[in-house]
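> Before we start, here is the structure in question, set down as structure tokens.
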Amino acid sequence: MSQYEGILSDIWKKVNRGDSPSYDEIVFMYDSANINDLGRMARSITDGLTGKQVSFVSNMIMNYTNVCNVRCKFCAFYRTGSEDDAYMLNVEDVVLRVKHFYDTFGIKQLLIQGGVNPDLPLDYYVNLFQTLHEKFPDLGIHGLSTSELSFISKKEKITIPELLETLRKAGLETIPGAGAEIFSDEVRKILRRPLGSGKEWLSIMEEAHKLGIRTSATMMFGHVEESRHKAEHLLSILELQKKYHGFVSFTPWNFEPGNTQLEKENIVKYRAGGVDVLKNIAISRIVFNKHLPIIQSSWLTNGVQMGQMALLYGANDWGGTIYDEKVIPATGKSVGNLRKEIIIESVKEIGMIPVERDNMYRTIRNYN
Ligand code: SF4
């Protein structure tokens, strides 16, 4: 057995015992492992957890404002507030748009995310969530990034648990994983994320999990990060997951450079290639193992074909239809909306079983 085979075999033995690879082994997988070896291992873990089933949700994203005072260098979506295309939707506008997608497509999840808009008080969010919850009671509200939550709590001078309780009472069901990017401050400094905001992401998620609010986790790759940063990132999420089991899914998604400051400054010119995308899917599957069973393929940044490939390399959730999404189109990449029929076809085409779910991952219909 070669040294390479020996290391992979050690990782495989650990995974079979239900353990996870070490930091060094994760860096090894990123830097030296063959993508197909990783894919086989990852897919076999997924087969053991959820078989050939692939879940998806009919959902929309409500980007209620693009005004943001954080101004990350990887974001093409934000406006400072003075531009002609800066916007903020009032509650009536939001309800009208949601009603359209609710009536037309029967959406089950509403992802609400926007810029960190300094003009919006807590009352805006409470009123928004309450109104949506009253009008669409079976629609799971999956809302607000840690950046938004952190700003609101500071603006209102209340603690994160107080804020989360208030929002939950108003109708918030779960919290998306946005804002995680790569936790290391070394990387966040280049991305122009506030220093310490990686640790803050973990601490806000921990507070949510302590209150019993389930959340998602993410990692953005394909910019200035190195393998060691991704290894640290994955292990930090795993450590928190082992404490409360509050994460329902993990999505590794690749950075889209179009129209961002990172592209304008020639720091990142191209998006990650397919091998990189699949490596991140497979490695996250291997690291999280049975501790975090759902790995989501990000078709929004990779397209339908890569979405299918991600399933073959260990993902078991397609994500959503994501009607009305505005962040990725701001990069110049045109993805369009995906009807649920296309997801069902795409999953069946590769011999897997589409299962429609709601926001809490409860099965609505099995399309076997
Ligand atoms: S990623 Fe979010 S916090 Fe950063 S600039 Fe864009 S909207 Fe603002």
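Read-outs throughout are calculated quantities, based only on the coordinates presented, and are distinct from any laboratory measurement. Since this is a predicted model, take the numbers as computed values, not measurements. Here the Cβ is made from the backbone with ideal geometry for all residues, glycine too, and neighbour counts use every protein chain on show.
> Against the longest principal axis of the chain, how steep is helix 299-312, in degrees 0 to 90 to the nearest 10, with axes from Cα atoms?
30 degrees
> Given the options 270, 67, 104, identify the residue whose Cα lies farthest towards the positive end of the charge dipole of the chain (+1 on Cβ of Lys, Arg; -1 on Cβ of Asp, Glu).
Value: 104.
> Taking the simple approach of a point 7 Å from Cα along Cα-to-Cβ for both residue 367 and residue 2, what is their distance in nm?
4.1 nm
> Let me ask something additional. Among the aspartates and glutamates, which fall within straight-line cross-link reach of residue 290, defined as a Cα-Cα distance under 12 Å, with same-chain neighbours fewer than 8 residues apart omitted?
Straight-line reach from residue 290, under 12 Å: 19, 47.
> Sort by residue number and name the cysteines in the chain that have no neighbouring cysteine Cβ under 4.7 Å.
Here 68 come out as lacking a disulfide-compatible partner, given the Cβ-Cβ threshold of under 4.7 Å.
> Using a Förster radius of 35 Å, what is the FRET efficiency between residue 353 and residue 17 based on their Cβ-Cβ separation? Nearest 0.05, please. Spell out each step's value before the answer.
Numbers: r = 28 Å, r/R0 = 0.81.
Efficiency, rounded to the nearest 0.05: 0.80.
> What list of ³J(HN,Hα) couplings, whole Hz, do you get for region 95-102 from phi and the Karplus terms 6.51, -1.76, 1.60, once you set θ to phi - 60° and write x for glycine and proline?
4, 4, 5, 5, 4, 4, 6, 5
> How much length would be gained if the chain were fully extended between residue 199 and residue 162, taking 0.36 nm per residue of separation minus their Cα-Cα distance, in nm to one decimal? Intermediate values should be presented prior to the final figure.
On the way: separation 37, 0.36 × 37 = 13.32 nm, distance 1.94 nm.
Separation in residues times 0.36 nm, less the Cα-Cα distance, equals 11.4 nm.
> Under a straight-distance cross-link criterion of Cα-Cα below 24 Å, which lysines are reachable from residue 155, leaving out those fewer than 8 residues away in the same chain?
Straight-line reach from residue 155, under 24 Å: 73, 169, 189, 199, 210.
> Now a separate question. Taking the highest mean first, how do the peptides 273-284, 80-91 order by number of other beta carbon atoms within 10 angstrom per residue?
Values: 273-284: 22.2, 80-91: 12.7.
Top to bottom by mean Cβ count within 10 Å: 273-284, 80-91.
> Compute the long axis of helix 122-135 from its Cα atoms, compare it with the longest principal axis of the Cα atoms of the chain, and write down the angle in degrees, 0 to 90, nearest 10.
80 degrees
> If each residue of separation counts as 0.36 nm, what is the full-extension length gain between residue 130 and residue 169 once their alpha-carbon separation is subtracted?
Working: separation 39, 0.36 × 39 = 14.04 nm, distance 0.83 nm.
Taking 0.36 nm per residue and subtracting the Cα distance, the gain is 13.2 nm.
> Distance between Cα centroids, region 94-126 to region 274-312: provide it in whole Å.
Between the Cα centre of region 94-126 and that of region 274-312, the gap is 28 Å.
> With the contact rule set at Cα under 8 Å and sequence spacing of 6 or more, what percent relative contact order holds for the chain?
Numbers: 676 pairs, mean separation 90.0, N = 368.
Relative contact order for the chain comes out at 24 percent.
> Considering amide H positions built from the backbone, and no H for Pro or chain starts, which residues 5 or more places from residue 54, or on another chain, come under 5 Å of its amide H?
353, 355
> Regarding the chain, what is the average projected area of its C-alpha convex hull, in nm²?
Working: hull surface 69.2 nm².
Average of the hull's projected areas for the chain equals 17.3 nm².
> Quick check for me: using +1 on Lys/Arg Cβ and -1 on Asp/Glu Cβ, what's the dipole size of the chain about its Cα centre, in debye to the nearest 20? Show your work: numbers first, answer last.
Working: 43 positive and 45 negative charges, 97 e Å.
So the magnitude is around 460 debye.
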